Every structure is written in C-alpha cells, then in structure tokens.
Amino acid sequence: MTGLGIEDKAKEKVVFSREYPIHLSDTIGVTTQYQRLHSHDALEINMIKAGTGYYIINGVTYDFQPGDIVLIDSAALHCAYEREGLVMQVITFDAAWFIGNQRSDPDVLSAFKEMGVYFTHILDRNNPHLPALRELLLNIQEEHVAARPSYISVVYAYMLQFFVQVNRYFRQENVQQHTGSVSHAQLEKMRLVIREMENRYAHSWTLEELASLAYLSPSRFSDIFRRTVGVSPLMYLIQIRLEHAYHLLETSDLKIVDIAMECGFRTLSNFNRLFKRHIGTEPRHIRSKANVCGSKIVPVYDRFSGVEGRSPE
C-alpha cells in the first residue's frame with residue numbers, strides 16, 4: 001500500500017456570496033458533517049447557546065458549556081461532538097471580506113492569525129468582557145435574520161467590533177501549550193488518511209492498511225488517530241458508512257441489502273445491528289418516514305466500542 005500524495009492536501013472550499021460572504025445559523029445537536037475531522041478556507045465563530053459537548057482541534061480536546069465562544073482559524077483541523085442538549089450558533093465567513101480594514105488595521109484578525117500564540121480557541125469564560133461579545137453575536141444574528149435595509153453594513157460593523165474587542169481584551173502573553181498534542185505533520189497524515197477512508201468507504205480496510213497510508217505502525221497510528229479525531233480508525237469508518245447508508249435510504253430505491261453491500265457492510269444482519277445501535281431504529285423505518293430530516297448519528301464515540309485490528313463488517 002502506497003502513501004498519499006501531496007495533491008490531497010487542499011482545504012475544503014467554502015462557497016460564499018460575493019456581496020455577503022458569511023454563513024450564519026443555529027445548529028441543534030451535532031451532524032455528521034461537524035463530527036468529521038476537517039479544515040476549510042474560512043474562519044469560524046461558534047457560540048454555545050445551550051447544552052454541552054467538546055471540540056477536538058488540532059488533536060486537543062476542548063470541553064464547552066453554555067456561553068462559551070469558540071474561534072476556529074482556517075488552518076485548524078477540527079471536529080465537534082455533543083454530550084447533551086447542544087444548541088450552537090455557527091458563523092462562517094471569508095477573511096477577504098475584511099481585507100480593506102487589514103490595510104489600515106493589520107491586527108483586526110489577529111485572534112485567528114495568532115491562534116495558539118496569543119489567543120486560545122475557547123475565549124476565557126471568566127473574562128468580564130465576554131458578555132459584551134455574546135451580545136454582539138446575538139445582534140449579528142438578529143440583523144442577519146431580519147434582513148432590514150442596509151443590514152449587511154450593520155453585520156459588517158458588528159463583526160469589526162467583535163474582532164476589536166477580542167484583540168483588545170483576550171490577548172494573552174503566555175498561552176499555555178497543551179502537552180501531548182498532535183504535531184502538524186501528524187495532523188496532516190491523519191487528515192489525508194481520513195480523506196482516503198471517505199473516498200473509499202466501501203473498501204474492506206484493515207488497521208494495518210490504514211496505518212500504512214501514514215507510514216506508521218498500527219499501534220502508533222491508532223494512538224495518533226484517536227487523539228486527533230476522538231474515536232478509533234475503525235469506529236470512524238463505521239460512522240462514514242452509516243452516514244452514506246442513511247443518505248441512500250432517504251434518497252434511493254435500492255433494496256436495503258444492496259445499500260448495506262454498497263456501503264461496505266459484509267452482511268445485512270451486521271448492517272441492521274450497527275444501524276439500530278447508532279441510529280436508534282431499523283433501516284426499514286427510515287425509508288418509511290418521508291419527513292425524516294438529517295442524520296441521527298450522534299455521537300458514535302460515546303455509544304460504540306470497536307475491536308482494533310479488524311476490518312468492520
């Protein structure tokens with residue numbers, strides 16, 4: 001098995017409107033999209049409105065709680081998991097929107113550019129200026145949803161206020177470095193392996209094959225993968241397969257046994273067992289519900305214990 005080429009290293013491209021390069025929404029729970037380890041060319045701000053969970057960012061686990069604000073730079077490899085009752089505001093935006101301000105104020109996006117040096121991914125929840133930031137984010141959302149005349153200018157102005165306050169009041173001279181974190185080179189290897197798993201999810205992967213893609217021993221690979229993603233490699237593969245199976249159940253007329261085979265499950269009985277364990281119902285019930293919306297796979301890590309070294313069936 002050969003390793004992966006450098007051409008696979010591109011970040012995910014987020015598509016924005018040229019006039020208004022921002023996406024803003026509330027998410028309830030964590031979809032499989034956010035459970036996937038990924039990076040993208042956009043910047044991201046999250047505010048936890050309710051519930052609990054954790055982010056894994058560059059191999060470090062960050063627990064979050066209501067009121068927390070999370071900043072994610074474009075270089076960060078990250079995924080999120082829910083623990084209970086999570087409602088999260090998610091703002092994704094194009095840094096180029098603020099390029100004019102960076103000419104006169106090059107520090108305006110310092111919180112993202114200097115992440116891990118002078119700023120932390122989760123802003124200090126004991127900082128007295130945090131409530132003002134929460135209010136700004138709620139104001140941004142209110143303007144975005146209402147879409148009144150000149151709302152784009154108002155959103156832009158609120159975003160600038162947010163950046164300035166973070167830069168002024170949340171900069172730290174000695175950001176604590178997390179011990180045992182995953183190196184950049186290791187993160188790249190894990191991301192490339194995950195991309196190969198997602199592209200060839202029906203393949204009968206073994207732990208040894210996956211480890212060989214990263215030029216690591218199986219035990220070393222498993223350790224780094226788990227610290228990076230939060231689950232074992234074979235658990236993650238099951239999650240990918242179930243996500244594709246769920247999509248096919250909703251959108252195709254394929255027989256359930258054919259869906260199981262196409263998604264890499266060796267037997268229908270094993271597919272039914274894993275599906276019910278993670279989704280909470282049988283595959284045939286998904287097909288019978290025309291109004292089902294979105295994947296229900298949350299969270300695999302807390303609900304499944306796999307067997308290392310074997311290919312999941």
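The values are calculated or read from the model by the stated rules, or taken from the named source; none is laboratory data. Predicted model only: the values in this text are computed from it and were never measured. So basically every Cβ, Gly included, is an ideal-geometry build from the backbone, and we count neighbours across all protein chains shown.
Some values worked out for this structure:
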| item | result |
| --- | --- |
| ASP94 surrounded by fewer than 21 Cβ atoms within 10 Å (Cβ to Cβ) and modelled with pLDDT of 85 or more | yes |
| Selection from the range 251-271 of residues that are closer than 30 Å to TYR55 by Cα and either in a helix (DSSP H, G or I) or not small (Gly, Ala, Ser) (or both) | CYS263, PHE265, PHE271 |
| Subset of the range 198-215 [at pLDDT 90 or above and in contact with a helix residue (DSSP H, G or I) (Cβ under 7 Å, 6 or more places away or on another chain)] | TYR201, ALA202, TRP205, LEU207, GLU208, LEU210, ALA211, LEU213, ALA214 |
| Residue within the range 36-55 that is of a type in the set (A, V, I, L, M, F, W, C), under 16 Å from THR228 (Cα atoms) and outside the structural domain of ASP223 (by TED's automatic domain parsing) present | yes |
| Selection status of CYS263, within 26 Å of the chain's Cα centre (by Cα) and modelled with pLDDT of 90 or more | yes |
| Options TYR62, TYR81: the member that is touching a Pro at 6+ places or on another chain (Cβ under 6 Å), farther than 29 Å from TYR151 by Cβ and of a type in the set (Ser, Thr, Tyr) | TYR81 |
| Among the candidates VAL193, VAL155, residue that is at pLDDT 90 or above and assigned by TED's automatic domain parsing to the domain that holds CYS79 | VAL155 |
| Unique residue being surrounded by 21 or more Cβ atoms within 10 Å (Cβ to Cβ) and at pLDDT 85 or above when the list is VAL70, VAL14 | VAL70 |
| Members of the range 17-44 that are charged (D, E, K, R) and modelled with pLDDT under 85 | ARG36 |
| Qualifying helices (runs of 4 or more DSSP H) (wholly inside the range 136-250; at least 2 residues being of a type in the set (Lys, Arg), crowded, with 16+ Cβ neighbours inside 10 Å and in contact (Cβ under 8 Å) with a residue 24 or more places away in the chain) | 184-199 |
| The range 84-105, subset among the polar types (S, T, N, Q) and touching a residue at least 12 places away in the same chain (Cβ under 8 Å), residue farthest from HIS23 (Cα to Cα) | ASN101 |
| Matching option when the condition is closer than 23 Å to MET197 by Cα and at pLDDT 80 or above, among LYS296, LYS276 | LYS276 |
